[in-house]
Amino acid sequence: MRIFPAIDLRDGKVVRLTEGDYGRMKTYGDSPVETAKMFESLGAKHLHVVDLDAAKGGSEENSRVICEIRKNTRLFIETGGGIRSEEKIKMYTDAGINRLILGTAAINNFPFLCEMADKYGDAIAVGVDAKNSMVAVNGWLQVTEINSFEFCEKLRDSHIKTVIYTDISKDGKLSGANIDAYKKLKKIENLNVIASGGISSMDDIRQLCEIECYGAIIGKAIYENKIDLKDALTYAGDEI
């Protein structure tokens, strides 16, 4: 299983939200590049980066920071947050970012998602953020009436290979991953599922490995020293 340590960006700083609430934010560092290099030095091969400002339709300044991380590491980098145009996709792919995560755009403009997936292939993934099993959009500020599991099936049928599934109710709370949700998602054949939200212990990592989850994103648990990144990487047998 692939381990993705996470960097969430706001105003160029490393932060974490609780349940996606911008009003419940904690800052963990002033240098995202140094944080990424630290993860790499511990053996990480992958990195998950979220531009929280762009997710809300705000500043694009964090794009520069993400490109700086690319220049200063050899990590496989996936990034999301406010990616709603081909111009931005091309900017990131030209900069060497490995995977682009579409969220709100995948919901609001499904034909655009399909067009980008056809054009950019495996470099396009979808972030499915769920609250009570329903899809949330616009930086988790709006919950739709779209069932998240059914939407993941639709994505698979539309040739999307990778989905990052986040249980918002778990995110940033260190309360444990929603393992039942990932067991359900694993029944969708030919879909790579990356677990996100609430992963807070090696037991979560073990359970996700047992169900053969494609990947796991670990954020706050690393910053709060609840999970040792080296231990997680070793147990998961992380690979590109």
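The values are calculated or read from the model by the stated rules, or taken from the named source; none is laboratory data. Bear in mind the structure is a predicted one, so any value in this text is a computation, not a measurement. Here the Cβ positions follow ideal geometry from the backbone for every residue, glycine too, while neighbour counts run over all protein chains shown. In case anyone asks, the SASA skips ligands and DNA or RNA and just uses the protein heavy atoms, side chains included. Shrake-Rupley method; radii C 1.70, N 1.55, O 1.52, S 1.80 Å.
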Between Val128 and residues 5 or more places away or on another chain, the pairs with built amide H atoms under 5 Å apart involve Ile164, Tyr165, Thr166
Summing -39500 (n - 2.57) over every DSSP H run of at least 4 in the chain, dividing by its residue total and rounding to the nearest 500, the 222 nm mean residue ellipticity is -10000 deg cm²/dmol
Taking a probe of 1.4 Å and leaving out DNA, RNA and ligands, the chain shows per residue an accessible area in Å² of 44 Å²
Taking only C-alpha positions in the range 96-240, Rg and Dmax in angstrom work out to 14.9, 42
Excluding ligands, DNA and RNA, the carbon-plus-sulfur percentage of the accessible area of the chain with a 1.4 Å probe reads 42 percent
Cα-only Rg/Rh for the range 96-157 with Kirkwood Rh rounds to 0.97
Stretched fully, the stretch from Asp21 through Lys186 gains (0.36 nm per residue minus C-alpha distance, one decimal, in nm) 56.6 nm
Candidate cut points under GluC sites (Glu not before Pro) in the range 182-240, DSSP loop plus at most 10 other Cβ atoms within 10 Å of their own Cβ, are Glu189, Glu212, Glu239
For the chain, percent of DSSP beta bridges that are antiparallel (nearest 5) comes out at 30 percent
Per the rule of 0.36 nm per residue minus the C-alpha distance, extending Met38 to Ile146 adds in nm 35.0 nm
One checks the Cα atoms of the range 78-128 and finds Rg and Dmax, in Å, of 9.5, 27
